[in-house]
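Nothing in this text is a laboratory measurement; each read-out follows from the coordinates by a stated rule. Because the structure is a prediction, the values reported are computed rather than measured. Here Cβ is always computed from backbone atoms with ideal geometry, including for glycine, and neighbour counts include all displayed protein chains.
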Amino acid sequence: MAANINEDTQVDDASKKVRLPKELTFQDMYNNQDAFDDDDEDDSDWEPVQKHIEILKWFCTNCTMVNLDDVFLCDICGEHKESGILRHGFYASPFSPEVELIQVESEATGSEKEIWSEASASNCSTAVGFDERMLLHSEVEIKSHPHPERPDRLRAIAASLSAAGIFPGKCCPIPAREITLEELQMVHSSEHIEVVELTRQMFSSYFTPDTYANEHSAHAARLAAGLCADLASSIFSGRVRNGFALVRPPGHHAGVTQAMGFCLHNNAAVAALAAQAAGAKKVLIVDWDVHHGNGTQEIFDQNKSVLYISLHRHEGGKFYPGTGSAFEVGTKGAEGYCVNIPWSRGGVGDNDYIFAFQHVVLPIASKFAPDFTIISAGFDAARGDPLGCCDVTPAGYTQMTHMLSTLSGGKLLVVLEGGYNLRSISSSATAVIKVLLGGSCECELENIVPSKAGLLTVLEVLKIQMKYWPNLSSSFEKLQLQRAMYSVEKKHKQVKRRRVFEPPLWWRWGRKQLLFHILTGHFHLK
């Protein structure tokens, strides 16, 4: 047997030598793949092993931005990898996974944190509309990045309100119901309503590349609209003083016939018509979401009983959705009942917003004298938002809410729209609800200085809108003088800057006169 094995081995070695010429082409290698010894370690230099290297990463709970696995604080917003924001809201520490909370600046006592159902609704002045079934609306398809409009938005706000003892506690809940078909048909076309309803039969679907739906989305959208309608009628009838609709999906991009921009049904429009059904003759909608509410504008474009005012990034139509220039003022007899304040750049902060409120929003709204006021409260203009890239703080939202609460006898409904940084959206929403509860505002309004771009935007809006609202003329004239002063100051600064580099007279006309002439190009005394 040993002799046979040695003999077979010699035959195999000989056959290999026959089959393997000294110089092989790629074609020879392909045709003689079986002739190569798999244990030969030298074949890796021409046929490298393809190794799939998986890069470990995590997505920030707060802003959804991607980070490498070995990093514990988000590179964009600084939130900890194991953030507790969904359990404790913005009161949770952004730098530590610990459960301990930052000191809550709330005066709530233990009794105030009890569930409102144990108290009498008649003692409540501020209502909050919320239902956990709206959390079921989510994107099913797994993509390379989490969708910014996600259920965690409501969870973070609810956790913040709970930690502050506001809700449940100081605010009363409104029981949720689905909006009826008849109520929706006052806002949207029957075709649009049917298309949204069809998503109940689909595991996953899309209206646009960024507007998703699952089998629960139509139900969530109807609950959101129903809550807004009931809040509006409850506030106008006097059962509660004001309210906050903690709802999703958002609505201000949803028009008569289309869903877009994360929005399915227009919640603010439904609320406006519900208030009118309850007896309100004139309704004001102020939309401070960083994106223009093109759907709301379309729905009320020819309606003189609803005044729509929007403050948003526009940048000459380059910012989503591209609509909302200052020249869009309403049509067919309703000119002037649509007011757009389009910012020309990002980074807009508190001063520009409050300045626009002082010189455009409040003068027009006061003249309109609404019976009911709705805020389309997107918080994506807040500092830290990954989509808005603006700089409004909770103090800024507090001031704007306080200014609007003086209208329509305090009958004010705040409807949640956008906002995609959980810490920003929850702190801003909490600040707004504190105003609704009667909290004081400590902001100084006397010396609000806007940016140059903000001033130019307000001047452009005033020039267009004073054709329809003559009371804006005096403000326009004052701001024109302010603009002229800016120009004079700029010229003085330029002259001063040039003078800094001018040498003294004795140097100019001394022994270095020729050098001075060569350097400055001046050949005579000015």
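For the range 126-468, the square roots a ≥ b ≥ c of the C-alpha gyration tensor eigenvalues yield an a/c under 1.5, which makes the shape rounded.
When both bridge partners sit in the range 253-355, DSSP labels roughly 10% of those beta bridges antiparallel. With R₀ set to 51 Å, the beta-carbon distance separating SER440 from LYS318 gives a calculated FRET efficiency near 0.80. If you plug the beta carbon distance of ALA395 and LEU181 into 1/(1 + (r/R0)^6) with R0 = 60 Å, you get a FRET efficiency near 0.90.
The overall shape of the range 307-440 is oblate: from the C-alpha gyration tensor, with semi-axes ordered a ≥ b ≥ c, the ratio a/c is 1.5 or greater and a/b is no larger than b/c. Remark: relative contact order (the range 126-468) = 18 percent; criterion is Cα-Cα distance under 8 angstrom and separation of 6 or more residues. Potential lengthening of the chain between ASP75 and LEU136 amounts to 19.0 nm, from the contour at 0.36 nm per residue minus the alpha-carbon distance.
Under 5 Å between amide hydrogens, built in the peptide plane, is the criterion, and for HIS312 it picks out ILE341, TRP343 among residues at least 5 positions away or on other chains. Scalar couplings 3J(HN,Hα) for the range 292-303, obtained by applying the Karplus form with A = 6.51, B = -1.76, C = 1.60 to θ = phi - 60°, are 5, x, 4, x, 5, 4, 5, 5, 10, 4, 10, 10 Hz; x denotes Gly and Pro.
In terms of its C-alpha gyration tensor, the range 317-363 comes out oblate, because a/c is 1.5 or above while a/b does not outweigh b/c. Extension gain, GLN302-GLU335: 0.36 nm per intervening residue step, less the Cα-Cα distance, totals 11.1 nm.
Across the range 211-226, computed HN-Hα scalar couplings (Karplus, 6.51 cos²θ - 1.76 cosθ + 1.60, θ = phi - 60°) run 10, 9, 7, 10, 5, 9, 5, 4, 5, 4, 5, 6, 5, 4, 5, x Hz from first to last residue, x flagging Gly and Pro. Where in the range 358-402 does the label zone of ALA278 land, with the point 7 angstrom along Cα→C-beta and an amide N cut-off under 12 Å? Answer for the range 358-402: 372-374. Measuring between alpha carbons in the structure, the pairs from LYS143/LYS318; LYS143/LYS304; LYS81/LYS411; LYS282/LYS467; LYS143/LYS170; LYS81/LYS143 lying more than 32 angstrom apart are LYS143/LYS304; LYS81/LYS411; LYS143/LYS170.
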